[in-house]
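First up is the structure itself, then whatever we jot down about it.
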Amino acid sequence: MELKIRKNGDVYIIDVNGEMDLYNSYKLKELVMKMIEKNIKIFIINLEQVDYIDSSGIGALIYISSTIKKMNLKLAISNIHGSVKKVIELTKLMGYFPIANSVEEALLMVKE
């Protein structure tokens, strides 16, 4: 799994590439925690290049999402598709995560 960060104004977009599983989902958690320490307040996690997620990946997203909510920061998760979308639907988390169809839509969500 590769993580790339890009910026759009004060919004930080994390592009996730590869599989979010037991072996690497902690990397995303660590990255977001480091970013929060640096006072970054608005996040978009772009899952466009993620074709596989397991319970550890879902756990990492729940942890990130709940931490960001507790701290009154903003988060949107964009481009969920295929088996990743199925897993999130099966775990009934579609309503839990702030989900956008695209990075552009996510930008509008977090700017509100």
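What to note about this one:
- Accessible carbon and sulfur surface of the chain relative to its total accessible area, %, 1.4 Å: 53 percent
- Reachable lysines from LYS38, criterion Cα separation under 21 angstrom, eight or more residues apart if same chain: LYS4, LYS7, LYS27, LYS29, LYS69, LYS70, LYS74, LYS111
- Nitroxide proxy distance, nm - points 7 Å out along Cα→Cβ at ILE40 and SER56: 2.2 nm
- For region 1-33, backbone nitrogen atoms closer than 11 Å to the point 7 Å from GLU48 Cα along Cα-to-C-beta are found at 15-16.
- In this structure the chain gives 55 Å² per residue of accessible area when probed at 1.4 Å with all protein chains present.
- A Cβ-based charge dipole, computed about the Cα centre of region 2-111 with Lys and Arg at +1 and Asp and Glu at -1, lands at about 520 debye.
- The chain: antiparallel DSSP beta bridges as a percent of all, rounded to 5: 30 percent
- Contact order, relative form, for the chain: 25 percent (alpha carbon pairs under 8 Å, 6 or more residues apart, mean separation divided by residue count).
- Quotient of C-alpha Rg and 2.2 N^0.38 Å, computed over the chain: 0.95
The values are calculated or read from the model by the stated rules, or taken from the named source; none is laboratory data. Predicted model, so just to flag it, every value in this text is computed and none were measured. Counting neighbours? That spans all protein chains shown, and the Cβs are built from the backbone with ideal geometry, glycine included. These area figures cover heavy atoms from the full protein model, side chains too; ligands, DNA and RNA do not enter into them. Shrake-Rupley method; radii C 1.70, N 1.55, O 1.52, S 1.80 Å.
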